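Structure first, commentary second.
The values are calculated or read from the model by the stated rules, or taken from the named source; none is laboratory data. Here the structure is a predicted model, which is why all the values come from computation and not from measurement. Quick reminder, even Gly has a Cβ in these numbers, built from the backbone with ideal geometry, and neighbours come from all protein chains shown.
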Amino acid sequence: MKEALQQLISQTITSLIDANKIPAIPLPIIKVERTRDASHGDLACNIALVLAKPAAMKPRDIAELICEAIPANNVIASTDIAGPGFINIFLAKSAQTDIVDQILTEAEQFGRNKKGLDDNGNAKTVQVEFVSANPTGPLHVGHGRGAAVGDSICRILDASGWQVTREFYYNDAGQQINNLTRSVQMRCKGIGPDDAGWPEDGYRGEYIAELAADYMAGKSLDDAAAPSDVENEEAIRAYAVAYLRREQDIDLKAFGVKFDVFSLESSLYTEGKVESTVNTLIKNGFTYEKDDALWLKTTEFGDDKDRVMRKSDGGYTYFVPDVAYHHEKWKRGFNTVVNEQGADHHSTITRVRAGLQALNAGIPQGWPDYVLHQMVTVMRDGQEVKISKRAGSYVTLSDLIEQVGCDATRYFLVARRADSQLTFDIDLALQKSNDNPVFYIQYAHARVCSVMRQAIEKNIAWDKEAGLAHLDKLGTDTEIALLKSIAAYPECVALSAREFAPHNIAAYLRELSAALHSWYASGNQDKSSQLLVADADIRNARLALAEAARQVIANGLSLLGVSAPEKM
């Protein structure tokens, strides 16, 4: 609808320029926005204010010319001018009801767009890296937020025409893996966290004891042997990483998340990619030595100070393999990359981007994109829940799924902007009331399914074609509100893809469900507003609207990885 109006207004302005009523000036992007107040029209356009300065005319005069010159069409019923020159647009009724036919025709495809296609109509590639948890323990609720947000971003980009690659990067090298290895080795020797000799940075959760027991029992994994040798640190390291990777995979599968590619940090070292990256940075003149360490001149790329690359002990700092890894992403052909990570990665963004620029590999500034999520606080009975019996020091994702289910977990973890802190209220997630947004949305979907079943039971099953033929019968305030709400879905999908922001979909679904529930409730106050009225034309039209709303809810929930139940 917006695109049709933008094109119509553009044509009108061009005709005014051709008629010398407006000076010949470059035509800017025309923006049409939905109004908050229905008395101000369905949509509004500020183009007259934008054109005023370059045209050296009063914006209201331009607005009047545009409104008078708009050609006859079946989209606009009327216009008026507000304030200094805002054009308020009132849509023709057919333009509002036609969306029902479109939704029922396109079904699951409704809301999908082609923003991710190139000029030749081919899908552009995008790689989304998310979760990327260290294989040192079960996934915690923070990883869960990354999984829910990252997977939803992938689904939304796919709905926008992109060819999406989902990638998980395992940090299977470095000090944390050394700490994991040492912790498992201590457990294998019968030494626990409360005993003397336990490493200060050791992992204390019960899962370490379970892991050690399996290793000592000789329970080899497909890609890691379990020789039951407490002194074989390399075997313990390989087994521990494989064991915890498998466990994380199980948790992600239960969460409805899958990946196309798994990358290992260790491979960047074994394949010489880290060393090659460092040598290139040295060759390009962006490094220097100081205090027995190798430094990168990140200040030349906007950082507040230069950063150490290679420490005095010969080890690399954590951002160096990240630079090598992202260089590999670029060489693999991903011109668009989105990293969904925890807020603790904020400090690495400038360093990674600086390192990539210093490689002189043609990588654009500001690449890759980042979506950083803030912490999650889990509440139950009014108290913060901080630990898991098994993990020992944090709430695991599997704990949350077990308590409230996959649907509620996924929705709650994407419901707020990723960069805002989130409180996960377990009690709220378990409620079967309108206060629980997951229940509220899913119930809206199930409510329509229930009405359709009732119609069949009463031998007045919905006649789709008759419903589409009589959409002009729709016209109550709640019906118009619902029509406007379902029509906004494609715009919401496009915006969410552009901003990598699945919380927009979550908020939209709640608003759409509110419009549907209000429409349904109006029938309780006025029987003539009920869906299953005696008048067949009105009934079929209303059922067509109900089915369209149900379809949009189902489509939106699928982008969040949440189910759309037919019964509640």
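Per-structure values
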read-out	value
Hits in the stretch 521-544 (condition: among the aliphatic types (A, V, I, L, M), part of a helix (DSSP H, G or I) and either on the phi > 0 side of the Ramachandran plot or surrounded by 15 or more Cβ atoms within 10 Å (Cβ to Cβ) (or both))	538, 541, 543, 544
Within the stretch 134-148, tally of residues that are surrounded by fewer than 24 Cβ atoms within 10 Å (Cβ to Cβ) and over 30 Å from residue 316 (Cα atoms)	0
Qualifying position, being closer than 30 Å to residue 422 by Cα and not in a helix (DSSP H, G or I), among 150, 146, 202	202
Residue check, residue 485 touching a helix residue (DSSP H, G or I) at 6+ places or on another chain (Cβ under 8 Å) and at pLDDT below 95	no
Selection count, the stretch 545-568, where residues are in a helix (DSSP H, G or I) and in contact with a Gly (Cβ under 9 Å, 6 or more places away or on another chain)	6
Criterion: more than 17 Å from residue 255 (Cβ to Cβ) and touching a Gly at 6+ places or on another chain (Cβ under 8 Å) - qualifying residue of 450, 433, 393, 420	393
Residues located in the stretch 14-69, provided they are out of contact with any strand residue (DSSP E or B) (no Cβ under 6 Å at 6 or more places or on another chain), over 15 Å from residue 85 (Cβ atoms) and not in a helix (DSSP H, G or I)	19, 20, 21, 23, 24, 25, 26, 27, 29, 36, 37
Whichever residue in the stretch 238-258 is part of a loop (DSSP other than H, G, I, E, B) and buried (at least 20 other Cβ atoms within 10 Å of the Cβ) and, among such residues, is nearest to the chain's Cα centre (by Cα)	257
Pairs, first modelled with pLDDT under 95 in the stretch 278-296, second part of a strand (DSSP E or B) and not aromatic (Phe, Trp, Tyr), C-beta under 6 Å, six or more apart	none
Flag if residue 260 is among the charged types (D, E, K, R) and at pLDDT below 95	no
Unique match (being touching a Ser or Thr at 6+ places or on another chain (Cβ under 8 Å) and either among the small types (Gly, Ala, Ser) or within 19 Å of residue 138 (Cβ to Cβ) (or both)) among 196, 240	240
Candidates 312, 266 - the one that is hydroxyl-bearing (Ser, Thr, Tyr) and part of a helix (DSSP H, G or I)	266
Some residue of the stretch 526-536 being within 25 Å of residue 254 (Cα to Cα) and either among the aliphatic types (A, V, I, L, M) or in contact (Cβ under 8 Å) with a residue 24 or more places away in the chain (or both)	no
Residue selected from the stretch 287-335 under the condition of a type in the set (Ser, Thr, Tyr) and over 30 Å from residue 164 (Cα atoms), by the criterion surrounded by the fewest Cβ atoms within 10 Å (Cβ to Cβ)	312
Test for residue 10: is it touching a residue at least 12 places away in the same chain (Cβ under 8 Å) and either surrounded by 19 or more Cβ atoms within 10 Å (Cβ to Cβ) or assigned to a helix (DSSP H, G or I) (or both)	yes
Condition check for residue 209: closer than 29 Å to residue 270 by Cα, among the small types (Gly, Ala, Ser), modelled with pLDDT of 95 or more and not in a loop (DSSP other than H, G, I, E, B)	no
Condition met for residue 142 (out of contact with any helix residue (DSSP H, G or I) (no Cβ under 6 Å at 6 or more places or on another chain) and closer than 20 Å to residue 492 by Cα)	no
Which listed residue is in contact with a Leu (Cβ under 7 Å, 6 or more places away or on another chain), touching a residue at least 12 places away in the same chain (Cβ under 8 Å), surrounded by 16 or more Cβ atoms within 10 Å (Cβ to Cβ) and more than 16 Å from residue 488 (Cβ to Cβ), from 70, 99, 47	70
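Conditions tested, residue by residue: (1) more than 38 Å from the chain's Cα centre (by Cα); (2) more than 20 Å from residue 130 (Cα to Cα).
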site: 156; (1), (2): no, no
site: 163; (1), (2): no, no
site: 166; (1), (2): no, no
site: 175; (1), (2): no, yes
site: 187; (1), (2): yes, yes
site: 204; (1), (2): no, yes
site: 208; (1), (2): no, yes
site: 212; (1), (2): no, yes
